[in-house]
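So the structure is just underneath, and the comments pick up after that.
The values are calculated or read from the model by the stated rules, or taken from the named source; none is laboratory data. Note that the coordinates shown come from a computational prediction; the quantities given were computed from them, not determined experimentally. A quick note on method: Cβ atoms are made from the backbone with ideal geometry, for glycine too, and the neighbour counts reach across all protein chains shown. Ligands, DNA and RNA are excluded from the accessible area calculation, which covers all protein heavy atoms including side chains. Shrake-Rupley method; radii C 1.70, N 1.55, O 1.52, S 1.80 Å.
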Amino acid sequence: MTQIKVDGELIEVPDYYTLMQAAEAAGKQIPRFCFHERLSVAGNCRMCLVEVKGGPPKPQASCAMGVKDLRPGPNGEPAEIFTNTPMVKKAREGVLEFLLINHPLDCPICDQGGECDLQDQAMAFGLDSSRFTENKRIVEDKYLGPLIKTIMTRCIHCTRCVRFTTEIAGINELGLLGRGEDAQITPYIERALSSELVGNIVDLCPVGALTSRPYAFTARPWELTKTETIDVMDALGSAIRVDSRGCEVMRILPRINEDINEEWISDKTRYVWDGLKRQRLDRPYVRKGKKLVEANWDEALNLVARKIKKAGNRVGAIAGDLAGVEEMYALKKLINSVGSNNIDCRPPMSALEANMDRGVYIFNPTIAGIEESDCILIIGANPRFEASLLNVRIRKTWRAKDLPIGLVGQRVDLTYDYTHLGEDIDSVKALATGSHKFNKILKKAKKPIVIVGEGAISLAKNSKKTGRDILSMSLMIANNAGALREDWNGFGLLHNAAARVGGLDIGFVPDNGGASSLEQLELAKKGELDIIFLLGADEYDLQSLDKTFVVYIGSHGDVGAHHADVILPAAAYTEKSAIYVNSEGRVQMTKRAVFPPGEAKEDWAIIRALSARIDKILPFDNLAQLREKLYAEFPHLQNINQIKAGNISAMKKLAKIPAKTSNVLLRSPIKEYYLTNAIARASKIMAECVKARREREGANR
């Protein structure tokens, strides 16, 4: 620790602090444009100037000078800096005057208006006039893809966007070319940027040079209602803020959550909002003949009730990727009430079973824990597209400590270097038996992590045994590497769907002779299942449901709705308060930002109303009562933002090497990153992203 005086106040700070950090520790406000806590120091905006006592007779950039760089006084007095002297004030005014020489004064039509750092700092630290009368420089706008709108004349060359794409996103497609007045931020090849995180540069831009193209000219920030909630586009549960006006979601922005997403979100999370307005189910539908026709709630619920009473226990239910815990719990109770255990929330051929310990199906090391790791093995996953923000953590750790990473699976660009260890189960078996060369690296590691993709244990074209073999061998690899310890659990299963862990936690899986999702579809094909409930389930092959009465409870007219005999319109994730459990096993809760459209209801309320029609009334009348029952049965779900740890001993019992395995290739289940769920498939913006990606790939061939 080092003592330093800031504006006469003596404080103690670590010697690795910059002057900016020291000043902020003393409660002083230091303006800045180029500096960002998560990016490298550029020191090129010169807005964060401070005066150093005993230093050069000019202000110093506080972001680029460290506390340890300062000299003590002549008698050993602590070093001293000033943040509000006439020299500093004049310097900041000069910097802003220079920045505004070429900046167009188009604040009334700029989308950054009301959220602009330049606007705010010009008011707080600038002058009310300028000595420059020359014509302003004009810079040609650049094309960065369908998500980013550019007005490059506004650019102040802070290089935040360049540093983000290079350091965080891991692409080298954006840079600063030219010198002096000819300097420009530009893509090296003018086409859509290839990162799935590119929308974050809109948040980073301190002026209006980079703005959101889909959001352009639609709303001002002071018009919007801001709701803090969580994302469900993947299984990480990133912290987001939903901005709405009336009953319409206008945009989605990130919130800071150091445990999960830091302050970034993926492009799918950020720009999927227009999918919340399209192809919505806003009233019940009943199939008459070959057509779905509008109906009222009484007609739809009574028809479903008659079918259930007639079917007896020949009823099944499949929960989709976006289902909340409450609706799965209510549907489970409804299906059980008619004597059926045909329920499932897993992908086909999943190796996960009802009696498995929680530690087997959660990401035990946690997302933030990746930064503690000194070796990572990835099996059958593509974290870049299955969990983009988790991939950012891996890249961050790789850059910080040259992390050794091994991958078993398809060769893909993960934005960091890794050792490709093979593509099939034999490679996993070699690692489990200790005969692979990567085992030496794993054994040397003090905190190794073994990441297993959900697709690796859900090989739909093979038997369940294949997935179980991979799961068992992966646990064996983790155990042999010393990753299954009480002080460090390095085994992590990486899920693709927000609903998965919550469904597994409450037992929304077949038990006591119940049929799995794939088995239900096979029973339906044979005509041995009379009714099947699809709770937003659109990610399955539903072609075999012609002989079964299909009830679809969901928000969008996607695959499941097309096969339905009755559609019961439900709320999307921004329209309800629901519990989700992320890949880590962290309990989270969404908050309602807007109300569902038309006659749509919350999923649990639909199921509760249906239970009354079949005389199997569920024991709750509102959401609070439902959660009371839920918490009584599963107490850990009431601990929001907490993680219930897995049992190491139970995990070790599953670790084994099978005598014989069927050799298959390991592939990620994500075929098209931008179209992984019903909301994304309804989004015009996501469709434009797919088009841009295909054009970029076509140009690369």
> When you take every Cα atom in region 350-505, what is the radius of gyration, and what is Dmax, the widest Cα pair distance, in Å?
Replying inline: 14.2, 41
> In terms of solvent-accessible area of protein heavy atoms at a 1.4 angstrom probe, what is the ranking of ARG384, ARG411, ARG667, ARG696, highest value first?
Replying inline: ARG411, ARG667, ARG696, ARG384
> Between GLY175 and residues 5 or more places away or on another chain, which pairs have amide H atoms under 5 Å apart, with H built 1.01 Å from N, and which residues are they?
Replying inline: THR186, TYR188
> Distance in nm between label sites at LYS616 and GLU633, each 7 Å beyond Cα in the beta-carbon direction?
Replying inline: 1.2
> Using 1/(1 + (r/R0)^6) with R0 = 22 angstrom and r between the beta carbons of ASP15 and GLU37, what's the FRET efficiency to the nearest 0.05?
Replying inline: 0.75
> If SER129, SER340, SER194 are ordered by their accessible area, calculated over protein heavy atoms with a 1.4 Å probe, which sequence runs from highest to lowest?
Replying inline: SER129, SER194, SER340
>> So if each residue of separation counts as 0.36 nm, and I subtract the Cα-Cα distance between GLU190 and SER129, what length gain in nm does that give?
In response: 18.2 nm
> Taking amide H positions as placed 1.01 Å from N in the peptide plane, with prolines and chain starts having none, which residues 5 or more places from ILE343, or on another chain, fall under 5 Å of its amide H?
Replying inline: ALA317, ASP511, ALA515
> For the chain, what Kirkwood radius comes out of the mean inverse Cα-Cα distance, in Å?
Replying inline: 27.7
> Per the Debye formula with a single identical scatterer at each Cα and no solvent contribution, what log10 I(q)/I(0) holds for region 212-255 at q = 0.17 Å⁻¹?
Replying inline: -0.49
> Around GLY503, what is the net charge, scoring Lys/Arg as +1 and Asp/Glu as -1 over all other residues with Cβ under 12 Å from its Cβ?
Replying inline: -2
> Can you give the accessible area of LYS465 in Å² (nearest 10), computed on protein heavy atoms with a 1.4 Å probe?
Replying inline: 100
>> Report the gain in length on full extension from ARG179 to THR218: 0.36 nm times residue separation, minus Cα-Cα distance, nm rounded to one decimal.
In response: 10.5 nm
>> Using only the alpha carbons of region 59-155, what is the convex hull's orientation-averaged projected area in square nanometres?
In response: 9.6
> What size of dipole, in debye to the nearest 20, comes out for region 539-644 about its Cα centre when the only charges are +1 on Lys and Arg C-beta atoms and -1 on Asp and Glu C-beta atoms?
Replying inline: 440
>> Looking at the chain only, what percent of DSSP beta bridges run antiparallel? Nearest 5 please.
In response: 55
> How far, in nm, would the chain grow between SER435 and LYS671 when pulled straight, counting 0.36 nm per residue and subtracting the alpha carbon separation?
Replying inline: 81.7 nm
> How far is it, in nm, from the label point at GLU167 to the one at LYS136 when both lie 7 Å from their Cα along the line to the Cβ?
Replying inline: 3.0
> Leaving out same-chain residues fewer than 8 places away, which aspartates and glutamates sit with a Cα under 15 Å from that of LYS332?
Replying inline: ASP344, ASP505, ASP511, ASP603, GLU633
>> I'd like to check one number: the per residue accessible area of region 361-492, probe 1.4 Å, reported in Å² as a whole number.
In response: 35
> Where does the charge balance sit around LEU475 when Lys and Arg score +1, Asp and Glu -1, over other residues with C-beta under 10 Å from its C-beta?
Replying inline: +3
> Quick one: Karplus J couplings for region 673-684, per residue in order, coefficients 6.51, -1.76, 1.60, θ = phi - 60°, nearest Hz, x for Gly and Pro?
Replying inline: 3, 7, 10, 8, 8, 5, 5, 5, 5, 7, 7, 5
>> Can you divide the C-alpha Rg of region 610-658 by 2.2 N^0.38 Å and report the result to two decimal places?
In response: 1.86
>> Let me check I have the definition right: for region 287-401, take the eigenvalues of the Cα gyration tensor, multiply each by 5, take square roots. What are those semi-axes in whole Å, largest first?
In response: 43, 18, 12
> Quick one: which of LYS288/LYS526; LYS526/LYS616; LYS429/LYS652; LYS591/LYS691 span more than 21 angstrom between C-alpha atoms?
Replying inline: LYS288/LYS526; LYS526/LYS616; LYS591/LYS691
> Where does the charge balance sit around MET328 when Lys and Arg score +1, Asp and Glu -1, over other residues with C-beta under 11 Å from its C-beta?
Replying inline: -2
> List the chymotrypsin sites (Phe, Trp or Tyr not before Pro) in region 1-81 that DSSP assigns to loop (not H, G, I, E or B) and whose Cβ has at most 16 other Cβ atoms within 10 Å. Which are they?
Replying inline: TYR16
> In square nanometres, what is the average projected area of the Cα convex hull of region 550-630?
Replying inline: 6.6
> ³J(HN,Hα) across region 305-318 via Karplus (A = 6.51, B = -1.76, C = 1.60, θ = phi - 60°), whole Hz, x for Gly/Pro?
Replying inline: 4, 4, 5, 5, 4, 6, 7, x, 9, 7, 10, x, 8, 10
>> Name the residue from TYR361, GLN520, LEU105 whose Cα lies farthest towards the positive end of the charge dipole of the chain, charges +1 on Cβ of Lys and Arg and -1 on Cβ of Asp and Glu.
In response: GLN520
> Simple spin-label model, 7 Å along Cα-to-Cβ: LYS291 to ALA645 in nm?
Replying inline: 6.2
> Quick one: putting +1 on the C-beta of Lys and Arg, -1 on the C-beta of Asp and Glu, what dipole do you get for region 345-484 around its Cα centre, in Debye to the nearest 20?
Replying inline: 200
> Can you list the HN-Hα couplings for region 278-295, worked out from phi with the Karplus curve (6.51, -1.76, 1.60; θ = phi - 60°), rounded to whole Hz and with x for Gly and Pro?
Replying inline: 9, 6, 7, 8, 10, 7, x, 10, 10, 7, 10, x, 10, 10, 8, 10, 4, 9
> To the nearest 10 square angstrom, what accessible area does HIS563 show with a 1.4 Å probe?
Replying inline: 50
> For the chain, what is the relative contact order in percent, using Cα pairs closer than 8 Å and at least 6 residues apart in sequence?
Replying inline: 15
> Charges only on Cβ, +1 for Lys and Arg, -1 for Asp and Glu: so what's the dipole of region 211-310 about the Cα centre, in debye to the nearest 20?
Replying inline: 1060
>> At q = 0.15, 0.25, 0.27 Å⁻¹, what log₁₀ I(q)/I(0) does region 212-296 have when each alpha carbon counts as one equal point scatterer in the Debye sum?
In response: -0.66, -1.24, -1.37
>> Taking a ≥ b ≥ c as the square roots of the Cα gyration tensor eigenvalues, with a/c under 1.5 meaning rounded and otherwise prolate when a/b beats b/c, else oblate, which class fits region 594-701?
In response: oblate
> Using 1/(1 + (r/R0)^6) with R0 = 25 angstrom and r between the beta carbons of CYS247 and HIS562, what's the FRET efficiency to the nearest 0.05?
Replying inline: 0.45
